[in-house]
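One structure is given here, and the rest of the page talks about it.
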Amino acid sequence: MRLKSILLYSIVLLLALISIVSYPWIKRFFQIDSCLDIGGSWNYKTGQCDGTIPDNIIINEILIEAIKQDSLDTTLPIISKLVNYYFYNLDIVKDSNLEYPIPPPPPPSNEKGEPLILQYFRYSQEKNIGYTISICDSTFFERQMNNAKNIELDSSRFNDIIPFENDSQNKLRRREYYEFLIPLFNCDKSIAWVQYNYHCPACGYGRMVILKEINNTWLKIDSYTTWRN
């Protein structure tokens, strides 16, 4: 009986020692898994989660500021589901022989799915706000596009600002409405690009609103038209 007790205590002690020794590895595994789940990348040198993509709270906040600061017609509805029509090209190429500006992108639309071409996007940022998009930004754009699936706005945060429509209600395109693309943030999340489209049965246009975080407040620093019918 005593031998069984000694054996049992030994097993318990061994399991406790294994748990103590393996705890850092188990903790690290769950930290890395959580980091990847929220769209971040694990930095093995620093042991920290880098570059987490903006969550829905920040995205809702950014779009509210874009609606207010770009003076949208708040009597018109917006579609609650954000769309992703970006065409991604990681390579940053500057053609010194280019004698004319890169042409603007075609108008995005639900039916055609035509993209905003990011090469033109890079050019337009240098021209409009003097910001050169880095490789870090380009990589971060790609991660945002790949991870931003089925994002819908929180209607409770927009009810007092602008009316909502779900996507199915606008399939026939019989009314005026706005739709927003998924906003893009640079890699330190200090600048946000918000594109929205205005649609009506026989017309439409697209706008890009650029906001910068200044003293913990998102402020519009520029906006311009991206397409027009």
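The values are calculated or read from the model by the stated rules, or taken from the named source; none is laboratory data. Model, not experiment: these values are computed from the prediction. Cβ placement follows ideal geometry from the backbone for every residue including glycine, while neighbour counts extend to all protein chains displayed.
Going by the conditions given, is Ile62 under 18 Å from the mean Cα position of the chain (by Cα), modelled with pLDDT of 50 or more and assigned to a loop (DSSP other than H, G, I, E, B)? So that I can check it myself, show each step before the final result.
Numbers: under 18 Å from the mean Cα position of the chain (by Cα): yes; modelled with pLDDT of 50 or more: yes; assigned to a loop (DSSP other than H, G, I, E, B): no.
Here the answer is no, as Ile62 does not meet what is asked.
Can you name every residue in the range 182-195 that is closer than 13 Å to Phe121 by Cβ and surrounded by fewer than 21 Cβ atoms within 10 Å (Cβ to Cβ)?
Asn186, Ile191
Within the range 198-218, can you find the residues that are farther than 15 Å from Leu76 by Cα and part of a loop (DSSP other than H, G, I, E, B)?
Across the range 198-218, the qualifying residues are Ala202, Asn215, Asn216.
Can Ile79 be described as of a type in the set (A, V, I, L, M), modelled with pLDDT of 70 or more and in contact with a strand residue (DSSP E or B) (Cβ under 9 Å, 6 or more places away or on another chain)? Step through it out loud before you land on a result.
Details: of a type in the set (A, V, I, L, M): yes; modelled with pLDDT of 70 or more: yes; in contact with a strand residue (DSSP E or B) (Cβ under 9 Å, 6 or more places away or on another chain): yes.
So Ile79 passes the test.
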